[in-house]
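The values are calculated or read from the model by the stated rules, or taken from the named source; none is laboratory data. Not measured: the values here are computed from a predicted model. Quick reminder, even Gly has a Cβ in these numbers, built from the backbone with ideal geometry, and neighbours come from all protein chains shown.
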C-alpha cells in the first residue's frame, strides 16, 4: 500500500492536482464570443488593405491627365514651358522640311533620270536636222528627205513621251533662259530682238533645260 503524502507532493516534487489543471488550460477551446471577436478583427484588417490598394490604383494617372495637371500647376509667368513648346515646334518643322526635301529629291531623281541618255541622243537629232536642211531643196533627194523626216518625227514622238521638248523657233522673241545668241543680223522680216535663224535646236526635259537653242537674233538699229 502506497503511503499518502500529507503535503500533496509526490516523490518528484510535483503536485498532481496542479498538473491536471495545467493540462486542462493548455487544451481548452475559446468560447464563441472570443472566436467572433477574432474573426471581426481579421476581416477588418483585410478590408483595410483592399481599400489601400484601390486608393493607390486610383492615384495612377494617364499621360494626358498628368500633362493637364502639370499645366495647371505650372506658373503662367514661367518661360520654361514656352521655350520648350517653341523648341518642340521648331524640331517638328525641321523634321517635316527634311522629309519634304528628301521626297522632292527622290521625285526629281526619278523624273530627270533620263537626262544623261537624252544628252547623248541630241547630236543624232542634230545630224538629222542638218540632213533635212541640205536635202529639202533638191529634187533628187526627195525620197531621202521624206524618209529622214519620218525617222526624225518618230524619234521626237518617242522621246517626247519621256518628257523631251524642243525649244527655239524662228520669229519668236529672244529669251536668254532658253536661247543662246551666237550672232546678230538686221532683217526686215522679223521684229527687232526676235530670232532670225536657228543654228541648232534647244531641248528641255520637262521643265529643266538640257541645251539652249543656238540662234541668230535680229538687230535693225
*Members of the stretch 208-221 that are in a loop (DSSP other than H, G, I, E, B), in contact with a strand residue (DSSP E or B) (Cβ under 6 Å, 6 or more places away or on another chain) and either in contact (Cβ under 8 Å) with a residue 60 or more places away in the chain or surrounded by fewer than 17 Cβ atoms within 10 Å (Cβ to Cβ) (or both)*: 219
*Which members of the stretch 179-205 meet the condition of being within 21 Å of residue 120 (Cβ to Cβ) and either surrounded by 15 or more Cβ atoms within 10 Å (Cβ to Cβ) or at pLDDT below 90 (or both)?*
180, 200, 201, 202, 203, 204, 205
*Being out of contact with any helix residue (DSSP H, G or I) (no Cβ under 7 Å at 6 or more places or on another chain) and assigned to a strand (DSSP E or B) is the filter here, so list the residues in the stretch 191-207 that pass it.*
194, 195, 196, 197, 198, 199, 202, 204
*Does residue 183 qualify as being within 30 Å of residue 221 (Cα to Cα) and under 45 Å from the mean Cα position of the chain (by Cα)?*
no
*Regarding residue 70, is this residue surrounded by 10 or more Cβ atoms within 10 Å (Cβ to Cβ) and at pLDDT below 85?*
yes
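Might you let me know whether the stretch 143-159 holds any residue that is in a loop (DSSP other than H, G, I, E, B), without any contact (Cβ under 8 Å) to a residue 60 or more places away in the chain and surrounded by 10 or more Cβ atoms within 10 Å (Cβ to Cβ)?
no
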*Kindly indicate whether any position in the stretch 167-178 is assigned to a strand (DSSP E or B), crowded, with 16+ Cβ neighbours inside 10 Å and on the phi < 0 side of the Ramachandran plot.*
yes
